[in-house]
Amino acid sequence: MSESTLFKLKFWGTRGSIPCPGPDTVKYGGNTTCFEITCGSKRVLIDAGTGIRMLGKKIMIEEENFLDADLFFTHTHMDHIQGLPFFAPLYNPSSDVRLHAGHLSTNDDYDLSGIIGTMLMKDPVFPVPSSLIEKACSYSDYFVGHVFELGDGIVIRTGKLNHPNGACGYRIEFQGKAIAICTDTEHYDDRIDENVVALAKDAEVMVYDSAYTDEEYPKFKGWGHSTWQEAIKVAEAAGVKQTFLFHHDPSHNDEKMDQIAQEAAKKKKGVRPAVEGEEIIL
Ligand SMILES: [Zn+2]
Ligand SMILES: [Zn+2]
């Protein structure tokens, strides 16, 4: 496959809620959410959980230590932004990283710039001010439903997810194929979420919030997350080819994840938990 047609997804962080590194999570990973999507010569990043630190390190060592990319946030809960101050390419003024969020545009009190600049990277929460990364990045708040065209035929569709404080799902289209990223989101009791189905329709790859099992879910109803059993329902409704269970709950160690992997594979072929560090070439 030539570089100009390469369409690849890499999981830099698969965990939800809080990082949980340690001997019990080495197989599926302990870092929180971060995706790198390569579309030919362009790069799309989704979320800046703690997994983004290692991506930054790779860019600094293996590449020319600057980055040209679009970084879309699903939302700004801590597990999706806390790696941003540790993303080394942002401290190189030659980088050009466009940060986008779609869950805040109808909120009068908050915007992305304010959340990064006055909450995350602001003393006494963090000693390095956001002004040190702002030569390398820009902020934009879009309205969910917006369609981004990034050139080279790359189209990013956005859709509303069901999550406290709001969240956006993404559908990345390139070379006639699609990757759907649907985290963090909670399913409905009485129907399959039409927004999620629209994002995932006939996608080669869907990543779906599977923080819980159906047995655990009643304890966490209303927390904004879903189950691996619901992932299968969405995959069937949308005709998805490969489904990755994602936003692993911190209480799910490798043994538990292996058990979920086995049960999910038995129920539907092509469904399995996402593994930190794994690359999927479409
Ligand atoms: Zn989360
Ligand atoms: Zn969240």
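We did not get these values from a lab; they are worked out from the coordinates using the rules stated. As the structure is a computational prediction, the values presented were derived from the model and not from experiment. Note that we place each Cβ from the backbone using ideal geometry, even for glycine, and neighbour counts take in every protein chain shown.
Per the conditions (1) surrounded by fewer than 23 Cβ atoms within 10 Å (Cβ to Cβ); (2) over 24 Å from residue 101 (Cβ atoms); (3) more than 15 Å from ligand 2 (Cβ to nearest atom); (4) free of Cβ contacts under 8 Å to residues at least 40 places away in the same chain, the sole criterion not satisfied by residue 243 is (1).
Within the option set 145, 159, 114, being of a type in the set (Gly, Ala, Ser) and assigned to a strand (DSSP E or B) holds for one residue only, 159. Checked against (1) assigned to a loop (DSSP other than H, G, I, E, B); (2) free of Cβ contacts under 8 Å to residues at least 60 places away in the same chain, residue 184 meets all criteria but (2). Residues in region 225-261 that are among the charged types (D, E, K, R) and touching a Phe, Trp or Tyr at 6+ places or on another chain (Cβ under 8 Å): 3 in all.
Residues that are of a type in the set (Lys, Arg) and closer than 19 Å to residue 246 by Cα number at least 1 in the following strands (runs of 3 or more DSSP E) confined to region 4-86: 7-13.
When only residues in region 200-215 that are assigned to a strand (DSSP E or B) and within 17 Å of residue 187 (Cα to Cα) count, which is nearest to ligand 2 (Cβ to nearest atom)? Among those residues, the one meeting the criterion is 209. For region 41-87, which positions are aromatic (Phe, Trp, Tyr) and in contact with a Ser or Thr (Cβ under 7 Å, 6 or more places away or on another chain)? Of everything in region 41-87, just one residue is aromatic (Phe, Trp, Tyr) and in contact with a Ser or Thr (Cβ under 7 Å, 6 or more places away or on another chain), namely 66.
One residue stands out among those in region 21-48 that are charged (D, E, K, R) and either more than 28 Å from residue 156 (Cα to Cα) or surrounded by 23 or more Cβ atoms within 10 Å (Cβ to Cβ) (or both): the one that is nearest to ligand 1 (Cβ to nearest atom), which is 47.
The requirement of being in contact (Cβ under 8 Å) with a residue 60 or more places away in the chain and either over 21 Å from residue 125 (Cα atoms) or away from ligand 2 (no atom under 15 Å from the Cβ) (or both) is fulfilled nowhere in region 78-91; no residue meets it.
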